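Written below as structure tokens is the structure these notes are about.
The values are calculated or read from the model by the stated rules, or taken from the named source; none is laboratory data. Quantities reported herein were computed from a predicted structural model and do not represent experimental measurements. All Cβ positions, even for glycine, are placed from backbone atoms using ideal geometry, and neighbour counts span all protein chains on display. Calculation scope for accessible area: heavy atoms of the full protein, side chains included, ligands and nucleic acids excluded. Shrake-Rupley method; radii C 1.70, N 1.55, O 1.52, S 1.80 Å.
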Amino acid sequence: MARITLRQLLDHAAERGYGVPAFNINNMEQGLAIMEAAAAVDAPVIIQASRGARSYAGDIMLSKMIDALEEMYPQIPLCLHQDHGNDEATCATAIKYGFTSVMMDGSLKADAKTAADYEYNVDITRRVTDMAHWVGASVEGELGVLGSLEHGGGEQEDGHGLEGKVSRDQLLTDPDQAVDFVRATKVDALAIAMGTSHGAYKFSRQPDGEILAMNVIEEIHRRLPNTHLVMHGSSSVPQGLQDMFNQFGGEMPQTWGVPVEEIVRGIRHGVRKVNIDTDCRLAMTAIFRKVGASSKAEFDPRKFLKPAMDSMRDLCRERFEQFGAAGNASRIKVLPLSDMAKRYRSGALDPRIGGMTEAA
């Protein structure tokens, strides 16, 4: 069995000092590209699905597809993660369909558009954590609102994202509040707000400390050295892929993503999960445009999809290597959910704050 929980995987990543890219998928081709890349470099995998992806593919299709990938690549530990769950039901049904990890994004209300207050976030995240830990599944929470420090708003992605403007303080996770949040919710991982956002158009210029606040991650890691941190909206939007996309008929305005070197900096300060979606989409759609422009008579979808898969595979492999995940899959002995549930019940997986578990 290769299905692993997020908690076990990130514990291993912390022990060995690496980060794991978390790739979003909607279809078979993306799943195959990710797993082929992982197998090539012996890397563990986080595949995540948004509510939009679950609606697009259907829960049964998505679940069976992951079963197939697990069977095809039994040597690769695979975590299936619900990305941006908006309420308890979304998280509970994800676990029903084989997800070993869920994100409860209580930074927004259930409409996934309206900023929530801190008390709401703590309450709903703790309820989801209790529910998931009963069966051994992991929980990622989010503190602070994901959005741009340049314009003070968020970006919609698959129907999820802040609408309207919020203050700069809301767009930056407060380190003191982070300690209280982890203690109160017992989350396994914490997503940090520090200037990243969904989609391709993250920054209008090369990001610096004013619009990409990596210092927030460093300060939270100083106070919570044993908590696994997560960077959302962390596609790098490579210039070469932008250029290819536009060369063959696309109209993507110049944009900047999160530089890989800044992600690596985050990994040195407790970041263990790095969410990547736009890069994978762009790796494939740039090839679609190239094939369409170069072979205008081509109508076989496979002639578009196979080179697109190869392009995404190469990008995923690069991220596995850059984040230090390569070479670690074979070092992990996967624990079943039942064993993880026992560990949660015993208190062994309670948050360690200041070197002590909360149960202590």
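Some observations on this one:
- Dipole magnitude for segment 213-349: about 720 debye, using +1 per Lys or Arg Cβ and -1 per Asp or Glu Cβ, origin at the Cα centre.
- For the pair residue 310 and residue 350, the difference between a 0.36 nm per residue extended length and the Cα-Cα distance amounts to 10.3 nm.
- Rolling a 1.4 Å probe over the protein heavy atoms gives segment 166-303 an accessible area of 41 Å² per residue.
- Averaging over all projection directions, the Cα-based convex hull of the chain occupies 16.3 nm² in the image plane.
- Using a Förster distance of 45 Å, the FRET efficiency for residue 331-residue 150 (Cβ separation, nearest 0.05): 0.65
- Inter-part distance where segment 133-152 and segment 195-227 are each reduced to a Cα centre, Å: 14 Å
- Beta bridge orientation in the chain: antiparallel %, DSSP, nearest 5: 20 percent
- Residue 210-residue 120 pseudo-label distance in nm [points 7 Å out on the Cα-to-Cβ vector]: 3.2 nm
- Surface composition of segment 287-339: carbon plus sulfur atoms hold 53% of the accessible area, using a 1.4 angstrom probe and ignoring ligands, DNA and RNA.
- Global form of segment 196-330, assessed from the alpha-carbon gyration tensor, a/c cut-off 1.5: oblate
- In a fully extended conformation the segment linking residue 321 and residue 67 would gain 88.9 nm over its present Cα-Cα distance, using 0.36 nm per residue.
- Net charge dipole size for the chain [Lys, Arg +1 and Asp, Glu -1 on Cβ; Debye, nearest 20]: 760 debye
- Selection from 242, 10, 275, by position along the positive dipole direction of the chain (Cβ): 10
- Fraction of accessible area attributable to carbon and sulfur, segment 3-144 (%, probe 1.4 Å): 54 percent
- Spatial separation of Cα centroids for segment 234-296 and segment 20-39, in angstrom: 15 Å
- Stretch gain in nm, segment residue 255-residue 93, where the contour uses 0.36 nm per residue and the Cα spacing is subtracted: 54.7 nm
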